[in-house]
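A.B. asks: The following block contains the structure, expressed as structure tokens.
The values are calculated or read from the model by the stated rules, or taken from the named source; none is laboratory data. These numbers were taken from a predicted model, which means no experiment stands behind them. No Cβ is skipped: glycine too gets one built from the backbone with ideal geometry, and neighbour counts run over all protein chains shown. Side chains included, ligands, DNA and RNA excluded: accessible areas come from the protein's heavy atoms. Shrake-Rupley method; radii C 1.70, N 1.55, O 1.52, S 1.80 Å.
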Amino acid sequence: MSRTAIAPTVLPIVRLGHPALRKPARALAQAEIRTPNIQALIDDMVATMVDSDGIGLAAPQVGEEIQLFIFGVQPTPEEPDPLVPLQIVVNPMIDPESGELVHDWEGCLSIPGLRGLVPRHQALRLRGFDREGKPVDRRLEGFEARVVQHEFDHLNGVIFLDRMRDLQSLSYAEEAEEHLSEYDASTPGPGPGFAG
Ligand code: NI
């Protein structure tokens with residue numbers, strides 16, 4: 001059944017405990033990418049990510065066990081040229097560049113409220129397909145590369161807690177912000193993180 005005539009819907013985001021977050025997602029057949037159902041799902045995921053102030057969202061987070069994620073910011077009149085423009089990637093593959101891993105704060109829309117320091121590759125090559133089925137092949141670094149590693153993990157049943165070296169930095173952002181003055185250089189204070 002086609003859903004294309006319907007305006008995008010904000011979908012419920014599943015939280016840790018939902019089995020879709022712990023299973024490898026299946027690849028989409030090339031012919032499936034442009035079907036109305038997948039196109040509508042992409043539109044719904046964009047609406048869902050915007051609604052929840054996320055910077056990334058993977059299909060398993062809305063209960064769809066397929067290899068599809070979105071990340072970035074949709075241009076608006078106030079922000080016509082966002083630092084990380086909205087991108088849609090189907091059947092992604094990533095090749096990290098070698099080098100030291102970099103720790104920074106992450107959060108996850110499926111684990112609301114928690115933040116932690118996560119080591120990630122600083123740069124990577126991202127390949128896959130866009131929403132029209134055209135090849136994507138890009139080199140990403142820094143924050144953008146971090147978000148992509150987080151979303152890519154979601155397609156393999158991996159969450160950011162699995163990637164943390166230790167759980168000392170794990171905090172409820174709201175709680176930790178009330179105690180900022182008690183943090184010093186030896187105990188990493190809570191960062192803003194991101195939700196993806
Ligand atoms: Ni996440």
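A.B. asks: Most fluctuating residue of Ala29, Ala123, Ala173 in a GNM of the chain with Cα springs under 10 Å: which is it?
C.D. replies: Evaluated over the chain, the most mobile residue of the options is Ala29.
A.B. asks: Pick out which of Gln149, Gln30, Gln61 has the largest mean-square fluctuation in a Gaussian network model of the chain, springs linking Cα atoms closer than 10 Å.
C.D. replies: Gln30
A.B. asks: Using the scaling law 2.2 N^0.38 Å as the reference, what is the normalised Cα Rg of the range 45-103? Before the final figure, lay out each step's value.
C.D. replies: Details: Rg = 13.6 Å, N = 59, 2.2 N^0.38 = 10.4 Å.
Cα Rg divided by the expected 2.2 N^0.38 Å: 1.31.
A.B. asks: Moving to a separate point now. When only alpha-carbon atoms count, how far does the chain stretch along each of its three principal axes, as whole angstroms with the largest first?
C.D. replies: For the chain, the Cα spread along each principal axis is 55, 38, 35 Å.
A.B. asks: If packing is taken as the average count of other Cβ atoms within 10 Å, what order do 158-171, 42-55, 84-97 fall into, highest mean first?
C.D. replies: Details: 158-171: 15.6, 42-55: 18.8, 84-97: 17.1.
Order by mean packing, descending: 42-55, 84-97, 158-171.
A.B. asks: Share of antiparallel DSSP beta bridges in the range 1-115, in percent to the nearest 5? Can you show the working numbers first?
C.D. replies: Numbers: 8 of 11 bridges.
If I count the DSSP bridges inside the range 1-115, around 75 percent turn out antiparallel.
A.B. asks: Oh, and also: Hey, what's the Cα Rg ratio for the range 1-111 versus the globular rule of thumb, 2.2 N^0.38 Å?
C.D. replies: Working: Rg = 15.0 Å, N = 111, 2.2 N^0.38 = 13.2 Å.
Ratio of Cα Rg to 2.2 N^0.38 Å: 1.14.
A.B. asks: So, for the chain, what is the accessible surface per residue at a probe of 1.4 Å, expressed in square angstrom? Numbers along the way, then the final one.
C.D. replies: On the way: 10370 Å² over 196 residues.
In whole numbers, the chain has 53 Å² accessible per residue.
A.B. asks: Sticking with this structure for a sec: Using Cα-Cα distances under 8 Å and only pairs 6 or more residues apart, what relative contact order does the range 60-110 have, in percent?
C.D. replies: On the way: 37 pairs, mean separation 16.3, N = 51.
Result for the range 60-110 is 32 percent.
A.B. asks: Excluding Ser98 itself, what net charge comes from residues whose Cβ is under 15 Å from its Cβ, given Lys and Arg +1 and Asp and Glu -1? Mind showing how you got there, number by number?
C.D. replies: On the way: positive: Arg120, Arg125, Arg139; negative: Asp95, Glu97, Glu100, Glu141.
Result for the local shell: -1.
A.B. asks: Show me, for the range 65-80, the HN-Hα J-couplings you get by feeding each phi into the Karplus relation (A = 6.51, B = -1.76, C = 1.60, θ = phi - 60°), rounded to Hz, glycine and proline as x.
C.D. replies: 3J(HN,Hα) across the range 65-80, in whole Hz: 8, 10, 7, 8, 9, 10, 7, x, 10, 6, x, 10, x, 6, 10, x.
A.B. asks: Using only Cα atoms, figure out Rg for the range 88-176 and give it as a multiple of 2.2 N^0.38 Å. Could the numbers behind the result be given before it?
C.D. replies: Working: Rg = 14.0 Å, N = 89, 2.2 N^0.38 = 12.1 Å.
Ratio of Rg to 2.2 N^0.38 Å for the range 88-176: 1.15.
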